[in-house]
Amino acid sequence: MVEPTHRFTGTSAACPRYMLCPDVLLIPLEEGTARLVDLDGSFFDLSQTAAQMLKSRLEQSEADTIQQIAAEYNADLDTVHTDLTALLADLRAKGLIWRSDDRLPWLTLRTAIAITLCYPGLWILGLVRNQRLKAPALLALARLSFELAGWARTVEAWQKYLRTQQVLAAGSERERLIDAIDSAIRRSPRVVHSIACKERALCCWFMLRSAGIPAKLVMGVQFSPFAGHCWCEVDGRILTDSPESCETYTPVICYEG
């Protein structure tokens, strides 16, 4: 391909950075395409060119991105600039990316909501020793927090709370605790109708970590048809779900502590 003979100068070198929103993952697919996945439930497919544009713009300046894409496709710099601007504007409008000079009152508010809502609730529920009583209340708190603050900020708030606690090793009670917590989550009455795999996995993970058991919170996806799923693991054992339900999903994110 022919290298463009001039460098694009339509924007300042100090142009704002672009970043994925907190609840969004960029997942590469076959033949260079990609998918933006909102962990709260939606997704957006990117063509090979769009995926390259976005990846490049997340890593470098607008001018460098335009120069790179134009060189790779032997394209006019102004055309690439127009296409890149339209792509970024579309993704921003869908709430999938944000810019460093954006005002983000909603994201800031969601962080405050997650912390304000979760900390007192988790502290109060930490006083409850009966797993069967604790599980439904935790599930309801998780559902409410996901609704108001989203996946990423809810998990972040629950992780931060765990780090403030003195957790003792489970010791000889380990297997009994694992079984008791898994059973409590599975048999918990649906105090909120929309409780699903995300709430069950998060609560099981949280209860196990609180008991000193190094559990993992896993989110996986499958691509055809596209779907997401969450589960909790301890030493390879899947909790809150069956192994058959999880094996078709490819893990894309894992929280351990």
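The values are calculated or read from the model by the stated rules, or taken from the named source; none is laboratory data. This structure is a prediction, so every number in the text was calculated from the model and none was measured. Don't worry about glycine lacking a Cβ; one is built from the backbone with ideal geometry, like all the others, and counts go over all protein chains shown.
Computed quantities for the displayed model
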| read-out | value |
| --- | --- |
| Residue among LEU139, LEU77 that alone is over 22 Å from LEU217 (Cα atoms) and either at pLDDT 90 or above or in the same structural domain as THR49 (by TED's automatic domain parsing) (or both) | LEU77 |
| Condition check for ILE113: more than 23 Å from HIS229 (Cα to Cα), at pLDDT below 95 and of a type in the set (Val, Ile, Thr) | yes |
| Filter pass, ALA51 being among the aliphatic types (A, V, I, L, M) and either assigned by TED's automatic domain parsing to the domain that holds ILE178 or without any contact (Cβ under 8 Å) to a residue 12 or more places away in the chain (or both) | no |
| Meets criteria (farther than 23 Å from LEU39 by Cα and out of contact with any Lys or Arg (no Cβ under 7 Å at 6 or more places or on another chain)) for LYS134 | yes |
| Single residue of PRO4, PRO28 found to be at pLDDT below 80 and outside the structural domain of ARG153 (by TED's automatic domain parsing) | PRO4 |
| Meets criteria (in contact with a Lys or Arg (Cβ under 7 Å, 6 or more places away or on another chain) and at pLDDT 90 or above) for GLN52 | no |
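Results for (1) part of a helix (DSSP H, G or I); (2) at pLDDT below 90, shown as yes or no for each residue.
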position	(1), (2)
ASP179	yes, no
SER183	yes, no
SER188	no, yes
ILE195	no, yes
CYS203	yes, no
MET207	yes, no
LEU217	no, no
GLY228	no, yes
GLU233	no, no
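Yes or no, residue by residue, for (1) buried (at least 22 other Cβ atoms within 10 Å of the Cβ); (2) more than 26 Å from SER42 (Cβ to Cβ):
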site: THR154; (1), (2): yes, no
site: ILE181; (1), (2): yes, yes
site: ALA201; (1), (2): yes, no
site: PHE206; (1), (2): yes, no
site: LEU217; (1), (2): yes, no
site: PHE226; (1), (2): no, no
site: LEU239; (1), (2): yes, yes
site: CYS246; (1), (2): no, no
